[in-house]
Amino acid sequence: MAREKIFKGIAVSKGIAQGTVFIYATRKVEVFQTPILSIYLKDETERFDRAIGKTEQDLLNIQQRINQEIGGNFAAFLDAQIMMLKDKELVQLVKDTIIQEKKNAEFIYHKVVSDYAAKLGESQDQYFQERVADIWDVATRVLRNLLGLTHSSIVDVSSGSIVVAHDISPSEAALINPKTVLGIATEGGGRTSHTAITARALEIPAVLGIEGLMEKIENGETVILDGDRGMLIKNPSSGRVHSYKIAIKKDRELEKALSPYCEMPSRTKDDRHIDVSANIEFFSEYIHARKYGAEGIGLFRTEFMYLTRRGNPTEDEQFRVYNALAQRMKPYPVIIRTYDLGGDKIFSEYREANPFLGWRAIRVSLDEQEFFKIQLRAILRASVNKNIKIMYPMISTFEEIKRTHLIFDKTKKELKAKKIPYDEDIQVGIMVETPSAALLGPHLAQQVDFFSIGSNDLTQYTLAVDRGNEKISQLFDHFHPAVLQLIHSIIDTGHGAHIWVGLCGELAADPLAIPLLIGLGVDELSMNPASIPRAKMVIRTITIPECEKIAQEALCFRTALEVKKYLRRAIHQNFPGIEKVIK
Ligand code: PEP
Ligand code: MG
């Protein structure tokens, strides 16, 4: 019996799956060099043009299929690929070089693309490095068309597979069928890569960034993929299989037991309504939001629109997404957060020693006002639907909100002058996710219509613990008393100023935290869509006076561990039934 081996990586999409390894290696295209006689050079450039045309048609066909199967603008990145494919300069350079060097199209094209990709790959920037995958994705298609080869495709994966790859190209990632692919494990990729985003949208587990995986694993091997803990277990021992089987069975039973809650209102036992809404990164995820019973979108992370394509989405492209989202979520509200670029979602050539403390979120928007105004115009135009709210990320000073208002007002005036309609009563809020914003709460609350607590960043900045750093992850704890004190104060300050206060970090989905947060008075909880039924179940089991008592007590402890121990005990005593959904 082969020995069990555990590989650790980055958990980017939740869930557990046991399956058979399917090694997905995009078949490398062999390119040979052939001299071309001068009289045939024109034919050769025309052959190249035809391959570009055929590739464009292939990409359009894939896009159409994705649009039919998944909907929305999930396939928008293929527009970017088509743009790369038809890049005038690149196409002309290839044709000129064919003529100058008198060599075959595939050889020249491969050479030109290699040079281009190498330049991008040299960049220290994760965004540009990830775009290299896009370029090779397109180029391989062109080369295969030039050579008259068929494409290897992830569509052919047999059912029950865990796909293991060095990396999965964006267009292949979009073709993954969740009925056959149980999970994904790759060597490359990060939290913002296409593969991560696709896995979350398809709701299959994924663990990325496992170093050297391809050399240590073979086709057909049995593995367990744990998307909750970021582990791939090869040749799992019978004990391990057994315990995961129980965990998977429990997860399924729980999911089934919780599914009726999708349809139920999120009211406490004593009839207080708590808004439960969804966090999404893509337009197409509104389908999950509705399926799981979200009463709105509490956080649309718009920076993903930027990260999944080459360059900034235009005002019209953004407008179409915001408008469609507003319409499909009616009558519920949609909170559009302006770009939270920077931090781990690095996007510029400019590298920083401490990106989370650097040029991030509203700081970028305020420095790049024209870029920011494009987004504001698109949001305002879509606000005619009357259910859009706007939210600014990572406010840390009073001046920031004042400056943001000035730009927003100016943008509104410009639209008015052009007679472009928008919602005059659009609500404007901020994410409270820095300790300084929490402490400045009374002043900031005078400036906005709502607060949404970003507990992920609030924890990171309060505890001085990088939220993405594996080494210190044991220090990252939302239940740290300092974090809870700040949450308490933000909610009180908001209510004192008569504005509503939501919470949209991971904490909102934690059943151990929900009674505490409601006891502290939170008005809205926004979470990943799949967690909604469980949150509703918790809400429907609790009563406000008990939650208030629990919250008061919970604020008195000295450590996160003491808080959690107390919460488990209090929940067990006051709200039997909830324990079974606490992990
Ligand atoms: C947060 O910081 O809690 C939050 C919701 O925003 P993000 O995770 O996108 O930084
Ligand atoms: Mg944040």
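The values are calculated or read from the model by the stated rules, or taken from the named source; none is laboratory data. A quick note: this is a predicted structure, and the numbers were derived from the prediction, not measured. Here the Cβ positions follow ideal geometry from the backbone for every residue, glycine too, while neighbour counts run over all protein chains shown. Please note that ligands, DNA and RNA were not included when accessible areas were found on the heavy atoms of the full protein model with its side chains. Shrake-Rupley method; radii C 1.70, N 1.55, O 1.52, S 1.80 Å.
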| task | For the chain, give the share of DSSP beta bridges that are antiparallel, in percent and rounded to the nearest 5; count only bridges with both residues there. | result | 30 percent
| Using a 1.4 angstrom probe with every protein chain in place, what is the largest-first accessible-area order of Leu357, Leu520? | Leu357, Leu520
| Where in segment 403-508 are there GluC sites (Glu not before Pro) that are in a DSSP coil and have at most 14 other Cβ atoms within 10 angstrom of their Cβ? | Glu424
| message | Rounding to the nearest 10 and keeping the result within 0 to 90°, find how far the Cα-based axis of helix 544-554 lies from the longest principal axis of the chain. | response | 80 degrees
| said: Once ligands and nucleic acids are excluded and a 1.4 Å probe is used, how much of Thr180 is accessible, expressed in Å² to the nearest 10? | reply: 30 Å²
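Mind listing which trypsin sites (Lys or Arg not before Pro) in segment 240-292 are in a DSSP loop and have 13 or fewer other Cβ atoms within 10 Å?
Those that pass, being in a loop and sparsely packed, are Lys269.
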| request: Among the listed pairs Lys250/Lys291; Lys373/Lys412; Lys245/Lys583; Lys42/Lys103; Lys54/Lys86; Lys14/Lys565, give every one whose C-alpha distance is greater than 19 Å. | output: Lys250/Lys291; Lys14/Lys565
| message | Run through segment 159-266 and list the GluC sites (Glu not before Pro) located in a DSSP loop whose Cβ has at most 13 other Cβ atoms within 10 Å. | response | Glu211, Glu218
| So how tilted is helix 481-496 from the main axis of the chain? Cα-based, degrees 0 to 90, rounded to 10. | 70 degrees
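Taking 0.36 nm per residue of separation and subtracting the Cα-Cα distance, what length does fully extending Val241 through Glu46 add?
64.5 nm
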| remark: In nanometres, the difference between 0.36 nm per residue of separation and the alpha-carbon distance of Glu562 and Gln33 is 183.5 nm
| query | Where in segment 1-19 is the amide nitrogen less than 14 Å from a point lying 7 Å along the Cα-to-Cβ axis of Thr222? | reply | 1-5, 18-19
| request: Report the charge-dipole magnitude of the chain in Debye, nearest 20, computed about the Cα centre from +1 at each Lys and Arg Cβ and -1 at each Asp and Glu Cβ. | output: 1000 debye
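Of all beta bridges DSSP finds with both residues in segment 268-581, what is the antiparallel percent, to the nearest 5? List each step's numbers first, then the result.
Details: 1 of 29 bridges.
That works out to approximately 5 percent antiparallel.
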| query | If the cut-off is 19 Å between C-alpha atoms, which aspartates and glutamates fall inside it for Lys216, apart from same-chain ones fewer than 8 positions away? | reply | Glu4, Asp167, Glu187, Asp226
| task | For n ≥ 4 DSSP H runs only, could you compute -39500 (n - 2.57) per run for the chain, divide by its residues and tell me the 222 nm figure to the nearest 500? | result | -14500 deg cm²/dmol
| query | Hey, could you pull the Cα Rg and Dmax for segment 16-57, both in Å? | reply | 18.9, 60
| query | What longest region of the chain stays clear of chymotrypsin sites (Phe, Trp or Tyr not before Pro) that DSSP places outside H, G, I, E and B and that have at most 14 other Cβ atoms within 10 Å? | reply | 33-349
| request: Return the distance in nm (one decimal) between the two label points of a simple spin-label model at His166 and Trp359, each offset 7 Å from Cα along Cα→Cβ. | output: 3.2 nm
| task | Report the Stokes-Einstein translational diffusion coefficient (µm² s⁻¹, integer) for segment 424-557, Rh taken as the Kirkwood radius over Cα pairs, at 10 °C with viscosity 1.306 mPa s. | result | 105 µm²/s
| According to a simple spin-label model (label point 7 Å from Cα along Cα-to-Cβ), what is the distance in nm between Asp270 and Gln57? | 6.9 nm
| request: Obtain the nm distance between the two label points defined at Glu122 and Glu368 by a simple spin-label model: each point lies 7 Å from its Cα along the Cα-to-C-beta direction. | output: 2.3 nm
| request: Would you please give the FRET efficiency between Glu399 and Cys262, computed as 1/(1 + (r/R0)^6) with r the Cβ-Cβ distance and R0 = 51 Å, to the nearest 0.05? | output: 0.75
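Quick one: length gained pulling Gln573 to Thr20 fully straight, 0.36 nm per residue minus the C-alpha distance? Could you put the intermediate results ahead of the total?
Details: separation 553, 0.36 × 553 = 199.08 nm, distance 4.34 nm.
Using 0.36 nm per residue and subtracting the Cα-Cα distance, I get 194.7 nm.
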| said: Nearest 5 percent is fine: what portion of the DSSP beta bridges confined to segment 239-395 is antiparallel? | reply: 15 percent
| said: Output the 0 to 90 degree angle, nearest 10, between the alpha-carbon long axis of helix 369-382 and the longest principal axis computed from the alpha carbons of the chain. | reply: 70 degrees
| field | Rg followed by Dmax, in Å, when the chain is reduced to its Cα trace | value | 25.5, 88
